[in-house]
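The values are calculated or read from the model by the stated rules, or taken from the named source; none is laboratory data. This is a predicted model, so every value here is computed, not measured. Positions of Cβ are generated from backbone atoms using ideal geometry, with glycine treated the same way; all protein chains shown enter the neighbour counts. SASA here: full protein model, heavy atoms, side chains in, ligands and nucleic acids out. Shrake-Rupley method; radii C 1.70, N 1.55, O 1.52, S 1.80 Å.
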Amino acid sequence: MATLIRSKISNVATSVSNKSQAKVSGVFARLGFQAATDEEAVGFVHCDDLDYEHRQGLQMDILKSEGSEEGGEPPLEGDIHYQRDGTGPLPPSASKDEGVCSELSGQGKPRITAWEAGWNVTNAIQGMFVLGLPYAILHGGYLGLFLIIFAAVVCCYTGKILIACLYEENEDGEIVRVRDSYVDIANACCAPRFPSLGGRIVNVAQIIELVMTCILYVVVSGNLMYNSFPTLPVSQKSWSIIATAVLLPCAFLKNLKAVSKFSLLCTLAHFVINILVIAYCLSRARDWAWDKVKFYIDVKKFPISIGIIVFSYTSQIFLPSLEGNMQNPKEFHCMMNWTHIAACILKGLFALVAYLTWADETKEVITDNLPSTIRAVVNLFLVAKALLSYPLPFFAAVEVLEKSLFQDGARAFFPNCYGGDGRIKAWGLSLRCALVVFTLLMAIYVPHFALLMGLTGSLTGAGLCFLLPSLFHLKLLWRKLLWHHVFFDVAIFVIGGICSVSGFIHSLEGLIEAYSTNTED
């Protein structure tokens, strides 16, 4: 029996591995060479998590079906928990083969240190989109600076309570990890009536955020190129089309190793660019317009600033996978503290000095304010960074779509987009190309970086960072929470909901107004 199980699992795993050649990001995630920005971190860690869960789900199905054939009672739904640390209970049939058990438990996987995890989180919340923070100060003044601090505190707290939802107390009173991902937490909250509803909501929010991130990369590429070479007879839309033509081969990607190496180099270049911007601003310190920093807010545009600030802190999606790969998960809270404190300080300083330098002339992308002599060089680096970053959120979005719509077994809405040999079918490749073209069309018709960033932050950023973690924490652990935790969770949910709705409405109004203006022109 054990030989039969091992043989079948080997055949299935071989087939799946052919389909999963593109899911190489786990190697870099475990070694600490993870993504450069929050979107890239999502791409790397989430693809690794999808690959891991997809393989194990197939293997568990085989084990359960073999157990049923032997005459034993099939395990009830929800009784089987497979975990990276191997602490979850395994099905009876799996105990017949220790090799299978050790493979399923994930033992022996390379783990990352707290410093490597901190590097991932720092890159996630210190990414390219900090370039929009000075624009948030333009409409928020000192309250915008306060929100940068407040968002750091709240996102740090919600990241911790999200990880707390992964654990439960067993019969012996020990705290064990019983869930692996954001989707698992969402499904647990909606069980038993709607056991898959929560996961679908999280997946939809994640797909929206990843696709919007891809759109933002196309928008910022067109914006930067247009402002770098204003004398050329090429419009911003034309630059976006050129950028998308360069990105079209992403639909054919099967391996992200080369892209990830370039992305790591571009991350370092991005930090250098931030330093250059701050250095230029400091050189004009005598001309800083302190009197322009307002104590009042622009009621119409400030909610957009909230979305921009929240979007720059999004990292909750990949935190469960990151914590599960740490050598010492007990260091997670400390790591979250110092990474968010550092992000808060650096973002606040960057936004403030940039706004003081250009005051009311601050543009949506702050590098567009630089003198023409250095603007072109800086913007070219940023365009390269954006183009090399695009494949990672794009690939993560493709993985989620393929798994949920085409590869979810009997629950899939459409036929499998992969053939028996593991190669993607022609129509599946066409859908990937269509997704690239969709990001282009959105970038052409809505070429407004700050408004799109505010809309995404208000819709999915606030939901994934504020609303859902606090709601899940109350639902799963409310019996064990102290009164101040309950107060914080309720307050975050209410304030986050108000900010999310307000920011979404104003961002949408701004996009409609901008689109109408462009149409008239």
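State, to one decimal in nm, how far the label point of Ile498 lies from the label point of Leu268, with both points 7 Å from Cα in the Cβ direction. The modelled label-to-label distance comes out at 4.6 nm. For the listed peptides 503-513, 459-469, a ranking on the average number of other beta carbons within 10 Å per residue, highest first, reads 459-469, 503-513. Between Arg423 and Leu253, the contour length at 0.36 nm per residue exceeds the alpha carbon distance by 60.0 nm. Here the extension length gained between Lys237 and Glu361 equals 42.3 nm, from 0.36 nm per residue of separation less the Cα-Cα distance. Return, ordered by residue number, the residues of the stretch 291-323 whose backbone nitrogen is under 19 Å from a label point located 7 Å along Cα→Cβ of Glu174. None, by backbone N distance to the label point.
For the pair Phe438 and His333, the difference between a 0.36 nm per residue extended length and the Cα-Cα distance amounts to 33.9 nm. The stretch 376-397 and the stretch 300-373 have Cα centres spaced 18 Å apart.
The calculated FRET efficiency for Ile374 paired with Arg111, based on their beta-carbon distance and R0 = 51 Å, is about 0.75. Note on Ile278 and Lys475: with the Förster distance fixed at 45 Å, the Cβ-Cβ geometry gives a FRET efficiency of about 0.55. Surface analysis of the stretch 150-260 yields an accessible area of 43 Å² per residue, using protein heavy atoms and a 1.4 Å probe. A protection proxy built from the mean count of other Cβ atoms within 10 Å ranks the segments 167-178, 149-160, most packed first, as 149-160, 167-178.
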